[in-house]
Each structure stands twice: as C-alpha cells, then as structure tokens.
1. Report, to the nearest whole %, how much of the accessible area of segment 59-168 belongs to carbon and sulfur atoms, 1.4 Å probe, protein only.
2. Net charge near GLY42, counting Lys/Arg +1 and Asp/Glu -1 over other residues with Cβ under 12 Å of its Cβ?
3. To the nearest Å, what is the center-to-center distance of segment 81-119 and segment 45-77, using C-alpha atoms only?
4. Does a label point 7 Å from the Cα of ALA137, set along Cα-to-beta-carbon, have any residues of segment 25-59 with amide nitrogen under 20 Å, and which are they?
5. On the Cα set of segment 22-120, report Rg and Dmax in Å, please.
6. With the cut-off at 1.5 for a/c, could you classify segment 60-111 from its C-alpha gyration tensor as rounded, prolate or oblate?
7. Test of understanding: what is the full-extension gain from VAL93 to LEU38, defined as 0.36 nm times their sequence separation minus their Cα-Cα distance?
8. For the chain, with equal point scatterers placed on the C-alpha atoms only and solvent neglected, what are the log10 I(q)/I(0) values from the Debye formula at q = 0.11, 0.12, 0.13, 0.18 1/Å, to two decimals?
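The values are calculated or read from the model by the stated rules, or taken from the named source; none is laboratory data. Everything numeric here is computed off the predicted structure, so don't read it as measured data. Cβ placement follows ideal geometry from the backbone for every residue including glycine, while neighbour counts extend to all protein chains displayed. With ligands, DNA and RNA removed, areas are computed over all heavy atoms of the protein, side chains included. Shrake-Rupley method; radii C 1.70, N 1.55, O 1.52, S 1.80 Å.
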Amino acid sequence: MNRAHTGLVWAVDSMFLVTDRPDDPPADLLPALDESHLRIAGADTGIIVVQCVESLIQVAVRVEVWPHAPAVTPADREWTGPVSLEFRSRQGVLAVRQHAMPDAIEHIELPQGPGAYRADFWHAGRAEMAGQQADLAHRLSRLGPVEWEALAARLAGSEGYLLRIWPG
C-alpha cells in the first residue's frame, strides 16, 4: 500500500462523498447517487458517493491509495465486499466530504494524478448499526446533550468504510 488516510466522518443525510479537491466545477452527483442507492457506493467523474446506515453517529472511513490492484483482502475487521467501482479524477487529488461541513479527510493524492482509477469498496458494521437505529432514536429523545455526546462518542466508528483506489 502506498498511503492510507483515515478519519471519523459525519454521514449527513446518511451519506458522505469522496470528490476531486478542489471540486471546481462540482461533480455531477446524480449518476453516482443513483448507483449508490443500488450498491451502497456509486461513482462517476470526480465523485464517489457512499450511503451509510446512521447519520447521528460518525462512521470510520479509510481510503487506501495503491500503485496497483491490491492482492490481499483487508483482514483488520469483518469487512463485506468488495463493490468494484470505476471513476475518473479531474484533479488527481481527492477529499472525503461531509455535506456542508469541513472536509473530514483532505488532500488524498492519487498516484498518477488526473485520470482513470479503479476502486474496491468494503463496509463493516452496517447490520449492527441498523439494529440499533430504533434504540438510538429513542435514546436521543430521552438523553440530555452531555449523555448523548458520550453515547455518540462511544459508538463512533462502529460503522466503517474502506475504499482502496489504484490506477485503472
């Protein structure tokens, strides 16, 4: 592996984006968004859209940049996948975005700059988080801000996403 970028991300509207940085002009969201509703992740020129289960708890995101297709499967967690994607980067530098908030992970340099790339997308903890949604909604209505923040901090990263990118 060449580089790994990690962070906790707010899945605003139950999604986060991996986009060209700077995203000017903005990527067309709709084709990737439509694909993500079918396969959890979708891609198009300059953008990858990832659908998450829970928007109230931060998800763990790891973006790995490889010089070639990875030969090994990730073993650090019980990952489900991969979903294989193709996309074209216009800038050669990506960022993980959380809607109208600051970028969660900035400046992910791609090995060959702008051009065509392939990506394998993996996820973990989605079923467990889906099983907790009703309880979380119930707790949110009953807990004070301090207790809710402690719960959210304890659960942060329970839902995880891995994106492995290489030249395609």
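1. 52
2. -4
3. 10
4. 51-59
5. In Å, with Rg to one decimal and Dmax whole: 13.6, 37.
6. Oblate.
7. 17.1 nm
8. The computed values of log10 I(q)/I(0) come out as -0.44, -0.52, -0.60, -1.10.
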